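Everything below concerns the one structure shown next.
The values are calculated or read from the model by the stated rules, or taken from the named source; none is laboratory data. Computed from a predicted model, the values in this text were never measured in an experiment. Cβ placement follows ideal geometry from the backbone for every residue including glycine, while neighbour counts extend to all protein chains displayed. Areas reflect the complete protein model, heavy atoms only, side chains present, ligands, DNA and RNA absent. Shrake-Rupley method; radii C 1.70, N 1.55, O 1.52, S 1.80 Å.
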Amino acid sequence: MLERNLGVRLFQRSTRSQTLTEDSERFLASVRGGVEAIQLAIAGVTTHAGRPAGVLKVSMALTFGLDYVLPLLPAFTQRYPDVVPDFSFENRQVDLIGEGFDAAIGGGMELASGVVARQLAPLHVIAVASPKFLQGHKLTHHPNDLASLDGIAMRSARSGRVRVWKMRNRKGSEVILEQKARIVANDPDALCRIALRGLGVALIAVPYVLPHLKSGTLQRVLPGWYSDQGVISLYFTGQKLLPAKTRAFVDHITEAFREQKLSRRFSANE
């Protein structure tokens, strides 16, 4: 086939042997480096076939990744020593295929063609404030009561507009929250730190405030109400021949979330 495509004879053939022609010798000298590189690449692929290996590129939000994903890393790297995690910490929706990511962890991402989502936990947003701020303020029982309190508002990184939250309770009642924005920020971790300084009531996703609720540095306001923002999911391409490294990461994360009962811990109803 190569002879036909090139239009030259590459081999001198006989019934007992075949040798390279002069044209073939020159051609081989020109492509030898490329051939060796291809052979090495094929050898590498076949060596790791079916075994997790290679660079694993994953996107996730900084604080969420530091608190809930990085603690799972030692066990993962010990189990899969040939996988090299390459984490990008950014609070945005990435283009998995276009930007070359193997996976992403987040909430509310739009599913592009060829991308699937594995649900990890609910994404519930709750109202919190520091004990210092709540001193002297009457505890609220209905979302409308927050209109009179200083609020720490969230600006959407995608639209640039201040977020409007629809609050609901266990009975299914829903109310659009009217918040007096005293301070505005576009990052949930920043909102959390502002609230810790006693500057107002902030609405933040449960994973970001869970450690502070446990330590008592933040308290939940309106304990019977929350905003349901869908789910936190693990996103990856849905191709049939999913790389072993990606499959291993997906299974490791989902198993760890299940064992640690993070889905229940992230629920506003707990």
Write out, first by first residue and then by second, each pair whose Cβ atoms fall under 7 Å of each other, whose residues are 6+ apart or on separate chains, and whose first residue, in region 19-31, is without any contact (Cβ under 8 Å) to a residue 12 or more places away in the chain while the second is of a type in the set (Gly, Ala, Ser).
none
Please name all residue pairs, on different chains or six or more residues apart, with Cβ atoms under 6 Å, provided the first residue is in region 172-197 and is over 24 Å from residue 135 (Cα atoms) and the second residue is assigned to a strand (DSSP E or B) and of a type outside the set (D, E, K, R).
175/167
Out of all the residues in region 98-110, is one or more farther than 26 Å from residue 203 by Cβ, exposed (fewer than 15 other Cβ atoms within 10 Å of the Cβ) and small (Gly, Ala, Ser)?
yes
Could you please let me know if residue 270 is assigned to a loop (DSSP other than H, G, I, E, B) and surrounded by fewer than 21 Cβ atoms within 10 Å (Cβ to Cβ)?
yes
Residue count, region 125-154, condition surrounded by fewer than 14 Cβ atoms within 10 Å (Cβ to Cβ), charged (D, E, K, R) and part of a helix (DSSP H, G or I), comes to 1
Of the residues in region 192-238, those that are open to solvent by 30 Å² or more (accessible area, probe 1.4 Å), closer than 28 Å to residue 94 by Cα and either in contact with a Lys or Arg (Cβ under 7 Å, 6 or more places away or on another chain) or among the hydrophobic types (A, V, I, L, M, F, W, C) (or both) number 4
Filter pass, residue 258 being charged (D, E, K, R), touching a residue at least 40 places away in the same chain (Cβ under 8 Å) and outside any strand (DSSP E or B):
no
Some residue of region 70-79 being among the polar types (S, T, N, Q) and at pLDDT below 95
no
If I ask for residues that are among the small types (Gly, Ala, Ser), over 10 Å from the mean Cα position of the chain (by Cα) and either in a loop (DSSP other than H, G, I, E, B) or under 23 Å from residue 229 (Cβ atoms) (or both), which ones from region 71-111 would you list?
98, 100, 108
